[in-house]
Amino acid sequence: QTAQVTAHTNEKLPMYNIIASFDSAKKDRVLLAAHWDTRPNADQDTDKSKQNDPIDGANDGGSGVGVLLEIAQHLHDKSPTVGVDIILFDVEDYGGYKAEDSFCLGSQYWSKNKHLPNYTAKYGILLDMVGAADAIFLKEPISLRYAPSVVDNVWRTAKKLGYDTYFKNQTSYNPITDDHKYVNEIAKIPMIDIIHYTPQGNFGDFWHTHSDNITIIDQGALKAVGQTVLQVIYNEGN
C-alpha cells in the first residue's frame with residue numbers, strides 16, 4: 001500500500017505499508033502488525049554529535065518485524081482456523097514528541113484507507129520493541145480500554161507457556177501512543193500493543209539511541225512473544 005504522507009516537519013514522505021494475508025477466503029480474521037521503519041535520528045543519544053544520524057532500530061522496529069516473519073513461516077506450514085493478516089506499517093517513528101498525531105502515519109493512513117473494502121478483524125495484536133534482553137511487557141491502558149479480553153487472553157497464554165517473567169501482570173502507568181491507537185479509534189478493530197515498557201515509565205536506555213542495535217537483541221524475548229502470539233492464534237476455535 002503506497003501513498004504520500006505529511007510529517008510534522010511538513011516534509012512529504014513516501015509511505016509503504018507491507019501487507020500479507022493467509023487464508024484470505026476465511027471470514028474470521030486476526031490482524032498482526034509491527035512497524036518496519038526506524039527513527040531517522042538518535043535524538044535520545046547522549047553523544048550530541050550523533051543525534052542527527054538515523055538509528056539501526058534493531059529493537060524499535062526490527063524485532064517486531066522479525067517475530068512476524070517467523071510467525072508467517074509457521075502460518076504457511078500450518079493453517080489456523082482463522083485467516084490472518086500481517087501488516088508492517090511505515091512511518092511510525094518519524095514524529096515529533098510535542099506534535100499531536102505526528103507518529104504512526106502509516107497506520108493512520110491504513111485505518112482510513114484499508115487495503116480491502118470493509119475489511120475487519122476479530123482483533124489485532126501489535127508488536128513493538130519486543131526483542132531486548134530485559135524486555136518487560138506491561139498491560140497497556142489503550143489496549144485495556146478497547147480490547148481487555150484480548151489482553152487477558154494473551155497474558156494468560158504467556159503465563160501458561162512460562163513467559164510471565166516477560167509478560168507482567170501489571171498495568172502501564174501511561175497510555176502509549178502507538179499504531180494500535182489508530183487501528184482502534186479509526187479502523188474500529190480492537191487491537192492490543194505488546195511493547196517493552198518499564199515499571200519506571202520508560203522504553204529502556206537504548207530507545208532512540210545508537211545503542212538500539214543487534215547487540216541488545218535476545219532470542220529468548222523474541223521466542224516468548226512469537227510463541228505466545230502463535231498459541232493465541234492456533235487456539236482460535238478450540
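The values are calculated or read from the model by the stated rules, or taken from the named source; none is laboratory data. Bear in mind the structure is a predicted one, so any value in this text is a computation, not a measurement. All Cβ positions, glycine included, derive from the backbone under ideal geometry; neighbour counts span all protein chains shown. Heavy atoms of the whole protein, side chains included, go into the accessibility calculation; ligands, DNA and RNA do not. Shrake-Rupley method; radii C 1.70, N 1.55, O 1.52, S 1.80 Å.
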Being under 22 Å from residue 90 (Cβ atoms) and of a type outside the set (Lys, Arg) narrows it down to one of 157, 165, 177, so name that one. 177
The residue that is farthest from residue 31 (Cα to Cα), considering only those in region 62-109 that are without any contact (Cβ under 8 Å) to a residue 40 or more places away in the chain and of a type outside the set (D, E, K, R), is 97
Could you grab the pairs with beta carbons closer than 7 Å, sequence gap of 6+ or different chains, first residue in region 117-137 and within 16 Å of residue 191 (Cα to Cα) and in a loop (DSSP other than H, G, I, E, B), second one open to solvent by 10 Å² or more (accessible area, probe 1.4 Å) and at pLDDT 95 or above? 121/29; 122/28; 122/29
Has region 104-113 got at least one residue that is open to solvent by less than 60 Å² (accessible area, probe 1.4 Å), over 11 Å from residue 179 (Cα atoms) and in a loop (DSSP other than H, G, I, E, B)? no
Residue 209 - would you say it is crowded, with 20+ Cβ neighbours inside 10 Å, out of contact with any helix residue (DSSP H, G or I) (no Cβ under 7 Å at 6 or more places or on another chain) and at pLDDT 95 or above? yes
Of the residues in region 145-173, those that are open to solvent by 30 Å² or more (accessible area, probe 1.4 Å) and touching an Asp or Glu at 6+ places or on another chain (Cβ under 9 Å) come to 146, 171
Any chance you could count how many residues in region 8-24 are within 29 Å of residue 71 (Cα to Cα), assigned to a strand (DSSP E or B) and open to solvent by 50 Å² or more (accessible area, probe 1.4 Å)? 5
